[in-house]
Every structure is written in C-alpha cells, then in structure tokens.
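Engineer: Structure provided below as structure tokens; questions to follow.
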Amino acid sequence: MPPIRLVHVSDVHVWRYAINPAQLFNKRLFGMSALLVRRARKFRLERLAHVVDRVVALKPDHILISGDLTTTALPIEFQAAREALALWLGDPARATVIPGNHDRYTGAAARDRHFEQTFGEFAGAADYPWIRPLDDRTSILGLDPTRAGWSARGMLPRSQLEAAKALWNERRRAGDRLIVACHYPLDAPEPFRDELHPKRMTNAGEVGRWLSTVGPHLYCCGHVHRAWAFGPTEITDQLCLNAGAPLLRDPSGANPPGFLEIVLDAADVHVDHHYWNGHDWETRPLVHRPGFFERRAF
Ligand SMILES: [Fe+2]
Ligand SMILES: [Fe+2]
C-alpha cells in the first residue's frame, strides 16, 4: 500500500468586522468587538492565500482541519472561511473539518448549527462522535468537546464519550492506524501547560484514560497556537500533534506560523512542520516514529 500524505491545519481564525444592527442588541457585542480587534492584530489574514497554495503544492491525499476556522462564529466568517479554503475543499472525500470553540462562539451559532451548515459535508457523520475511514488501514475518529458561549473551556459530554467507546469497540478491527481529531489537546508539553490550563477540556483526564486503552494513535489538535509533537506521559501510546496557527503574527520568531505534513508509511509516522519565517517557507522534521502503529493489540 502506498504511503498516505495528510496535511493537518488548525486555528485559521478567519475574522470579519461585520456587526449588523440586529447584533447591536446582542449583549456580547462589546466582547466580540474587543475579540475581533485582538484577533485582527494577532492573525495575518492577508497570508491565507499563501498558506492555501503551499498546502495545495504538497498534493496531500487528505487535509484535516482541527477547528477554530472562524473567530466569532458569525455567518459571514464561515462564508469567508469556506471561500478562502475552496481549493482544499473541492472533494469532501479528501478533507475533514471539525469545529473549535470559536466556531461555537455564540448561542445562535451553536443553535443554528452554522458550522455544520458550512462544513458538515467534511465530517464523518451529522453528529459526534464518528469514525471516518481514509483507506483500508487508516481511520479518523472525530470528537467535539466544544460548548457554546464565551468560555474557552471544553468538555466532552459523557454521552459522547460512551458513544465513542462503543463505536471504537465496533470498528476497531477495520484498520490499524487511528487518528483522533479533536480541537482540544488532552495535555501539553511542559512549556505550554500554563497556556492550556485556563482553556482546557475539563474532563481531559477521563478521555485520556479511555484513549490510553485503545493502542497507538495520533491525536490531532489545535487550540493552543503552538506547533508540537509529544507523547503525554499518562497516555503512553498517543502521539499528540498540534498544528499551531498558520496566520499567527510571530514577532519573536519563537513560534512561527504553519501547518503539519504527516506521512503514514506502513506502520511508520513522519511529521514535518512547514512554517513561514517572515520571509519564506521552511520545513523542519518534527517527529519520526518508525513502527509506531506496529504495537496495536487486537
Ligand atoms: Fe484558536
Ligand atoms: Fe480554540
């Protein structure tokens, strides 16, 4: 079987200044305005077309977008994100899109399912959790711990966790390469733990205890705008991959914006970080785990 090449992107955070008169009565207006101003300073929307082109040039077999496509979950932001990413989204069989907390930012966005209306065709099913096969060996398990409202914290509902366990038990023999797609990391490398803490998934421990029983898996996330590859100590068979944020302004040069290229070749995993250094694209090997998926026990 030929290798499969995935591109993992997260936290694009498309933003638009568009407050219509009806929204002036929304008590969240001031919060949204302040957030938009901060985001406009933080994310370089003018770079998005370059990111899209860079990914297209890699000719990935599949593109996984792990949430926070928008900033305040306004319909105009969803529309702008969909249009800007059109070159990635031509074939629903070759792209997977899951929501982040910013895609549920308002009660209306969650209630009216703006995310599902715009990106629903790139999910494994209408409701979470779902398992989506990519090829004979590889599947994506989609989880959604986002909650409507201002809190950046997430929580995987008990019913969703139980359904994920049942789904996994039913489908575990369908392939040996599992990718869990979830906006929230369960843990972070030491330097970023303090950053994750106030916006963590509150039942990450419980979810992690279950995932520590499923065998080797990739866990593709975002939310903390830092690219990383690490193995949480409590979940020994997990390789946690955070794609960072591709439009992040990075004056320090310590956290360059980009995305991940993940190649699965038999049981091997190889991940490169593609990032913009302020002048040009660069690529650095992030992690190489020969035989990573070999240890699966059935
Ligand atoms: Fe984000
Ligand atoms: Fe987030």
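Engineer: Express in whole angstrom the spacing between the alpha-carbon centres of region 1-17 and region 39-82.
Structural biologist: Computed from Cα coordinates, the inter-centre distance equals 8 Å.
Engineer: Here's another thing I want to ask about it. Taking a ≥ b ≥ c as the square roots of the eigenvalues of the Cα gyration tensor of region 142-193, is the shape rounded (a/c under 1.5), prolate (a/b larger than b/c) or oblate? All intermediate terms of the calculation are to be shown ahead of the outcome.
Structural biologist: Values: a/c = 3.02, a/b = 1.47, b/c = 2.06.
Oblate shape, in that a/c is at least 1.5 and b/c is the bigger or equal ratio.
Engineer: Quick one: with all protein chains in place, what share of the accessible area of the chain is carbon or sulfur, to the nearest percent (1.4 Å probe)?
Structural biologist: Numbers: 6690 of 12770 Å².
Percent of accessible area from carbon and sulfur atoms in the chain: 52.
Engineer: What number, rounded to the nearest 500 deg cm²/dmol, is the helix-based mean residue ellipticity at 222 nm of the chain, given -39500 (n - 2.57) per DSSP H run of at least four residues and division by all its residues?
Structural biologist: So the calculated ellipticity at 222 nm is -6500 deg cm²/dmol.
Engineer: Using θ = phi - 60° and the Karplus curve 6.51 cos²θ - 1.76 cosθ + 1.60, what whole-Hz ³J(HN,Hα) does each residue of region 65-76 get, with Gly and Pro shown as x?
Structural biologist: 10, 9, x, 6, 6, 10, 10, 10, 6, 6, x, 5
Engineer: Sticking with this structure for a sec: Quick one: Karplus J couplings for region 164-176, per residue in order, coefficients 6.51, -1.76, 1.60, θ = phi - 60°, nearest Hz, x for Gly and Pro?
Structural biologist: Each residue's phi maps through the Karplus curve to give 5, 4, 5, 4, 5, 4, 6, 10, 4, 8, 6, x, 10 Hz.
Engineer: Can you bin region 44-175 into rounded, prolate or oblate? Criterion: square roots of the alpha carbon gyration tensor eigenvalues sorted a ≥ b ≥ c, rounded for a/c under 1.5, prolate for a/b above b/c, oblate for the rest.
Structural biologist: Working: a/c = 2.27, a/b = 1.12, b/c = 2.03.
Since a/c reaches 1.5 but b/c is at least a/b, the shape of region 44-175 is classed as oblate.
Engineer: Let me ask another. Size of region 25-99 along its principal axes in angstrom, Cα-based, largest extent first?
Structural biologist: 44, 22, 17
Engineer: Whole number in Å², please: accessible area per residue of the chain, 1.4 Å probe, ligands, DNA and RNA not counted.
Structural biologist: Result: 43 Å² of accessible area for each residue.
Engineer: Using a Cα-Cα cut-off of under 19 Å, which aspartates and glutamates could be cross-linked to Lys199, ignoring same-chain neighbours fewer than 8 residues away?
Structural biologist: Answer for Lys199, where 19 Å is the Cα cut-off: Asp11, Asp68, Asp103, Asp144, Asp187, Glu190, listed by chain and number.
Engineer: A follow-up question, please. Which part of region 86-127 falls in the paramagnetic zone of Ser159, meaning amide N under 11 Å from the point 7 Å along Cα-to-beta-carbon?
Structural biologist: none
Engineer: Taking a ≥ b ≥ c as the square roots of the Cα gyration tensor eigenvalues, with a/c under 1.5 meaning rounded and otherwise prolate when a/b beats b/c, else oblate, which class fits the chain?
Structural biologist: Values: a/c = 1.57, a/b = 1.30, b/c = 1.20.
In terms of gyration-tensor shape, prolate.
Engineer: When the chain is fully extended, how far beyond the present Cα-Cα distance does Asp265 get from Arg41, taking 0.36 nm per residue of separation?
Structural biologist: Full extension of this stretch gives 76.7 nm more.
Engineer: Hey, another quick one. Which residues' amide hydrogens lie under 5 Å from the amide hydrogen of Val269, considering only partners 5 or more residues apart or on another chain, with H built in the peptide plane?
Structural biologist: The answer is Arg289, Gly291, Phe292.
Engineer: Grab the Cα-Cα distance for Glu294 and Glu234, subtract it from 0.36 nm times how many residues apart they are, and report the gain in nm with one decimal. Numbers along the way, then the final one.
Structural biologist: Working: separation 60, 0.36 × 60 = 21.60 nm, distance 1.99 nm.
Contour length minus the Cα-Cα distance gives 19.6 nm.
Engineer: Suppose we keep just the DSSP beta bridges with both residues in the chain; what percent of those would be antiparallel, to 5? If you can, show how the numbers build up before the last one.
Structural biologist: Working: 30 of 54 bridges.
Counting DSSP beta bridges with both partners in the chain, the antiparallel share is about 55 percent.
Engineer: Just in region 202-298: which trypsin sites (Lys or Arg not before Pro) are loop by DSSP and have at most 16 other Cβ atoms within 10 Å? All intermediate terms of the calculation are to be shown ahead of the outcome.
Structural biologist: Working: sites: Arg209, Arg226, Arg249, Arg295, Arg296; in loops: Arg226, Arg249, Arg296.
Answer in residue order: Arg249.
The values are calculated or read from the model by the stated rules, or taken from the named source; none is laboratory data. Everything numeric here is computed off the predicted structure, so don't read it as measured data. Heads up, the Cβs are rebuilt from the backbone with ideal geometry, glycines too, and the neighbour counts pull from every protein chain shown. SASA here: full protein model, heavy atoms, side chains in, ligands and nucleic acids out. Shrake-Rupley method; radii C 1.70, N 1.55, O 1.52, S 1.80 Å.
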